[in-house]
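Participant: Have a look at this one.
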Amino acid sequence: MVIQLTPPTTSGSMVGMEEFYPRTILELEDRFATEDACREYLVRLRWPDGFICPRCRRQGGWLATRGRVICRDCRHQASVTAGTIFQDTHKPLRLWFRAIWQVTSQKNGASAFNVQQVLGLGSYLTAWTWLHKLRRAMVRPGRDFLGGRVEVDETYVGGEGEGKKKGGRGSDKALVAIAVEEDGSGMGRIRMARIADESRSSLYCFIRASIKPGSTIHTDGNPSYKGLEKIGYAHEATVLLGREKDAATQLLPRVHRVASLLKRWLLGTHQGAVHPNYLDYYLDEFTFRFNRRTSRSRGKLFYRLLQQAVQVEPAPYRSIVADAAEARDHKL
Ligand SMILES: [Zn+2]
């Protein structure tokens with residue numbers, strides 16, 4: 001199969017292709033029935049404005065066999081999967097596409113066990129590694145910051161019990177900072193990250209990485225949030241007066257709603273089988289899903305995830321495990 005890969009302005013062949021996404025499983029099966037069909041789709045996603053040769057930087061090329069793209073000028077052969085999460089995979093792309101469909105088409109996603117069963121993968125570890133690679137692709141490089149009025153709070157996740165209880169020595173509880181945009185009485189987008197502790201530097205670090213300066217940050221009376229004005233934010237602290245059980249929930253209702261959805265998802269879809277070392281990846285998946293919850297078509301999530309999958313650096317199994325080991329060694 002040879003497909004000419006020229007910019008959409010000079011060739012009609014790409015027009016209307018970029019935005020295709022399957023809306024049903026039948027559309028998925030029809031459109032991605034062969035390896036060539038999958039590769040061609042990845043090429044369009046990776047070079048939406050036409051292939052640019054990584055060697056001579058000129059534009060234009062052909063899609064040849066086995067996912068190679070050949071430069072029109074210097075004949076350099078580039079691989080569509082090199083430098084993406086699909087690099088060095090020994091499994092068919094058709095299987096990957098179906099794993100991505102499984103993850104994106106269901107409201108709560110899929111566990112490694114589900115994916116292994118449904119796709120008939122020989123090993124649980126393969127399914128587990130795939131899902132972690134996909135979670136890495138769920139964070140778009142250079143993504144937007146939250147803005148406007150934003151609720152921020154922190155909560156303990158994992159281990160036994162819930163809420164703002166300190167995890168003692170050897171505890172598998174992790175502290176997670178959560179930011180939720182206020183959208184009228186509803187919720188806008190969210191960000192979340194595991195933080196080392198409740199110190200000012202940990203919380204400031206999270207806020208700076210997640211929220212646009214000039215935004216208004218709404219918190220409880222935790223003294224660690226004091227001084228946010230000095231780093232460019234408006235700050236509104238509501239101090240908890242009542243001692244009623246649900247007072248905290250009423251104070252920052254959006255953060256508390258998100259925290260309880262997160263915990264329910266970890267316990268439900270993943271049956272609580274989330275090691276604290278990998279929690280960040282699950283937070284990324286939850287955020288990806290939550291911020292697209294109003295998307296009219298689940299197929300759009302499929303499209304978006306594949307698009308991001310060909311933009312991120314590959315994450316070999318070794319590096320995923322090494323990250324976790326590093327996190328453990330540094331008690332992150
Ligand atoms: Zn070239």
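Only the coordinates and a few stated rules stand behind these numbers; no lab work does. A quick note: this is a predicted structure, and the numbers were derived from the prediction, not measured. Glycine gets a Cβ as well: all are built from the backbone with ideal geometry, and neighbour counts include every protein chain shown.
Participant: Hey, can you grab everything whose amide H is under 5 Å from the amide H of ARG189? Only 5+ residues off in sequence or another chain; H modelled, so Pro and N-termini drop out.
Facilitator: Those qualifying (amide H under 5 Å, at least 5 residues apart or on another chain) are GLU181.
Participant: Note the full-extension length gain between ALA37 and LYS230 as 0.36 nm times their separation in residues minus their Cα-Cα distance, in nm to one decimal.
Facilitator: 64.1 nm
Participant: Please pull out the direction-averaged projected area of the stretch 83-151, using the convex hull of its alpha-carbon atoms, in nm² to one decimal place. Don't skip to the end; give the middle numbers.
Facilitator: On the way: hull surface 25.5 nm².
Result: a mean projected hull area of 6.4 nm².
Participant: Moving on to the next point. Compute the separation of the alpha-carbon centres of the stretch 170-191 and the stretch 42-107 and state it in Å as a whole number.
Facilitator: Each part's Cα centre sits 35 Å from the other's.
Participant: May I ask for the percentage of alpha-carbon pairs in the stretch 246-300 that lie more than 18 Å from each other?
Facilitator: Percent of Cα pairs beyond 18 Å in the stretch 246-300: 44.
Participant: Could you sort 203-212, 64-73, 301-310 so that the peptide with the highest average Cβ count within 10 Å comes first and the rest follow in order?
Facilitator: Answer by packing, highest mean first, reads 301-310, 203-212, 64-73.
Participant: Hey, another quick one. If I model a spin label as a point 7 Å beyond the Cα along the Cα-Cβ vector, how far apart are those points for HIS76 and PHE20 in nm?
Facilitator: 2.8 nm
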